[in-house]
Amino acid sequence: MPTGLTSRFYVAGIPPGLNFELTSIKPTAPHDGYDWKGSFRRSEKIMSCTGQRQYDHWSLPYTVPVDSNNFMGEAHFEGHNGLWSSGEGAKVTIDFRLWGSTTVAGTPVSVDESGVIVVSTTPWSGVSRPDYVNVTYSWRHGVSDPVNVALGVPADMAGMPDDLHFVLAVNPQEKLVGVATETHKDLVLTLVDYALRGIFWGHEKAISWASGKIF
């Protein structure tokens, strides 16, 4: 019997003076006649769908608070049947905007760039949940290809994918903004340390940055 699947997201290292804003959240389900369920939620705020029916309980745009938590929200998916669900399932598309003015490595810079995050799953396979949650992210004025991260889904029905942290960076010299993701908190801290200095740091784990233009 497939159970629900929840993937939690955080934003780390937002440079002082910049805002990370969710401008649109759209859960969608396949047009296959089944009531696939998808949602994105944060506390009492939620955008959801059941089949082709949309439910809106979140006033947008929404600025993610810069605090010790930096919680963006969580995507939740359920199959179309409590006993057997087979197929692609629902997905959630999140539009975001990074804007404001900050100083990076002694250089003042203004930023106004938008991007998109798409959260989906690999196919549901009968009595079991999908093998992966796919998270694909890019910038509207991208100078690099979109980046996809596959989060493994534990085999036991109660387990959930690792939390995913989005790390933001601004490089004034190259006039670029960047976003990378990581699940290991020690690497998140290292990414943030470099990001606040305008460095899109990599690692042997092949951390990939999606880059966009500063406007």
Next item on the list: Tally up the carbon and sulfur contribution to the accessible surface of the range 127-215 as a whole percent, 1.4 Å probe, everything protein left in place.
Entry: 52 percent
Margin query: I want to check a number: in the chain, how many lysine pairs have alpha carbons closer than 15 Å, given a sequence separation of 8 or more or different chains?
Written below: 6
Notebook entry, point to check: To the nearest 10 degrees, how steep is helix 185-195 against the longest Cα principal axis of the chain, on a 0 to 90 scale?
Noted result: 40 degrees
Notebook entry, point to check: Within the chain, what's the longest stretch lacking GluC sites (Glu not before Pro) that sit in DSSP loops with no more than 16 other Cβ atoms inside 10 Å?
Noted result: 89-173
Note to self: Can you work out the Karplus-derived ³J(HN,Hα) for every residue in the range 31-48? Use 6.51 cos²θ - 1.76 cosθ + 1.60 with θ = phi - 60°, whole Hz, and x for glycine or proline.
What the structure shows: 8, 10, x, 9, 8, 5, 10, x, 7, 10, 9, 8, 6, 7, 7, 7, 10, 8
Checklist line | Integer Hz, Karplus 6.51/-1.76/1.60 couplings in order for the range 6-13, x for Gly and Pro | finding: 10, 10, 9, 10, 10, 10, 10, x
Note to self: Accessible area per residue for the chain in Å², computed with a 1.4 Å probe and the full protein assembly in place, what is it?
What the structure shows: 46 Å²
Margin query: Loop only by DSSP, 16 or fewer other Cβ within 10 Å of the Cβ. Give me the trypsin sites (Lys or Arg not before Pro) in the range 167-215 that pass, ordered by residue number.
Written below: Lys175, Arg197, Lys205
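For the range 1-95, which whole-number percentage of the solvent-accessible area (1.4 Å probe, protein heavy atoms only) is attributable to carbon and sulfur atoms?
51 percent
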Notebook entry, point to check: Hey, of (1) 179; (2) 136; (3) 120, which did the structure itself give for volume of the Cα convex hull per residue in Å³ when calculated?
Noted result: (3)
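The values are calculated or read from the model by the stated rules, or taken from the named source; none is laboratory data. Note that this is a predicted model, so its numbers are computed, not measured. All Cβ positions, glycine included, derive from the backbone under ideal geometry; neighbour counts span all protein chains shown. The protein model used for the area step is the full one, side chains on, heavy atoms only, and it has no ligands, DNA or RNA in it. Shrake-Rupley method; radii C 1.70, N 1.55, O 1.52, S 1.80 Å.
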